[in-house]
Amino acid sequence: MNEATPLTLAALGGVISERSGVVNIALEGMMLMSAFTGYVVAFQTHNLWLGVLAGVITGLVIATLHAALSISLLVDQIVSGFVINILALWHIPLLSKIPVLGPILFVHQPITYAMLLAIVLVQFLLFYTVWGLRTRAVGEHPLAADTVGINVYRVRYLAVMLSGGLAGLGGAYFSLQQIGQFLPNMTGGRGFIALAAMIFGKWKPLGAFYACLLFAGAEALSGRIQISGVHIPFQFLGMLPYLLTIIVVAGAMGRAVAPAADGKPYRKA
C-alpha cells in the first residue's frame, strides 16, 4: 500500500485536471520539487507537518504556473508540462551538503492515510457534487458550459491547482515518509507512471487507484526478486514497472476514452 501512495496521489491529481480539460504531464516535476521543498522546510523547522504543508504549497504554486501558461496564455499544454519537468531536474547548489533529517522524519503512514481519504473525497466531489458536474462539463464541452454561465477559466484553474496540491503531497511522501531525505530525481518517473494509471483507470479515481496498486505491485515484485538471489541483472528487474506501464497504456489505447475537450485550450468568444 505504501508503494502506491505517491502514484495514487499524483494519479488523482491527473484525473481532476484532465476531467476539466487540461493535460498535466508536469506531475513528475511537481512531485520532485515538492519533495525537495518539503524536505528543506522540515529540516529547517524540525517539524514534519510544516514540511508536508510546504510540499503541498509547492505543488499548488507550480500548478498555478502551468494553469497560467496553458489556460490564460494558451501555451501548448504538453510543452508547458514538459518545461516544468525540465526545470525540476536543474542542479540545486549546495544540495549535497544538506544532512539527513534523522528520526524526526520517520513517522510513517500519515500521507498514506491521507491518500486513502483523498480517493474517497475525489470520487465523491467529481461525481456527486455540483462542482464535480461543472468540472466534467468543462472537460467535455467548455463552450456549452460557458453558455450556461459556468466560468471555464475558473473551473480549470482550480482543477489544475488541486492537481498540483495532490502531486505535491505525493512528492512529500518520498522525502518525508519513505526515506527521510532528498535525493536528485528521487521520484524516478513516478509522475509519468501515475499518468498511465490515470489512463488505465479511465479517468476515474477508483480506477486510477487500482491501476496504481498494479504498478506498485510490479515495483515491489522487482525488488523482492532482486533480494531473493535470482540471477537476473538488476537493471532488467528495475525495468519491470516501466515495461508494465508501456504494455498497459498500449492495451488501454482505444478502450479508455478521455474527456472530449482534454488538452484543448479554450478561448472565450
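The values are calculated or read from the model by the stated rules, or taken from the named source; none is laboratory data. Computed from a predicted structure; not experimentally measured. Every residue, glycine among them, receives a Cβ derived from its backbone with ideal geometry; neighbour counts consider all protein chains shown. All accessible areas refer to the heavy atoms of the entire protein, side chains included, with ligands and DNA or RNA removed. Shrake-Rupley method; radii C 1.70, N 1.55, O 1.52, S 1.80 Å.
Of all residues in segment 128-171, those satisfying the criterion of being open to solvent by 30 Å² or more (accessible area, probe 1.4 Å) and part of a loop (DSSP other than H, G, I, E, B) are T129, H141, V148, G149, N151. Against the conditions (1) of a type outside the set (S, T, N, Q); (2) open to solvent by less than 40 Å² (accessible area, probe 1.4 Å); (3) within 29 Å of L117 (Cβ to Cβ), L183 satisfies every one except (2).
Looking across segment 42-76, the residues that are of a type in the set (A, V, I, L, M) and not in a helix (DSSP H, G or I) come down to L73, L74, V75. Going by the structure shown, is V79 in contact (Cβ under 8 Å) with a residue 60 or more places away in the chain, open to solvent by 50 Å² or more (accessible area, probe 1.4 Å) and either assigned to a loop (DSSP other than H, G, I, E, B) or out of contact with any helix residue (DSSP H, G or I) (no Cβ under 7 Å at 6 or more places or on another chain) (or both)? Against the criterion (in contact (Cβ under 8 Å) with a residue 60 or more places away in the chain, open to solvent by 50 Å² or more (accessible area, probe 1.4 Å) and either assigned to a loop (DSSP other than H, G, I, E, B) or out of contact with any helix residue (DSSP H, G or I) (no Cβ under 7 Å at 6 or more places or on another chain) (or both)), V79 does not qualify. Total residues in segment 82-101 satisfying the condition of being modelled with pLDDT under 65, exposed (fewer than 11 other Cβ atoms within 10 Å of the Cβ) and of a type outside the set (S, T, N, Q): the figure is 5.
Just so you know, in segment 1-17 the residues that are over 13 Å from V122 (Cα atoms) and part of a helix (DSSP H, G or I) include one that is modelled with the lowest pLDDT, and it is N2.
Every condition in (1) more than 14 Å from I199 (Cα to Cα); (2) open to solvent by 70 Å² or more (accessible area, probe 1.4 Å) holds for I246 except the one numbered (1). Report yes if some residue within segment 205-213 is open to solvent by less than 60 Å² (accessible area, probe 1.4 Å), free of Cβ contacts under 8 Å to residues at least 40 places away in the same chain and not in a helix (DSSP H, G or I); otherwise report no. Checked against the condition, which is being open to solvent by less than 60 Å² (accessible area, probe 1.4 Å), free of Cβ contacts under 8 Å to residues at least 40 places away in the same chain and not in a helix (DSSP H, G or I), segment 205-213 yields no hits at all.
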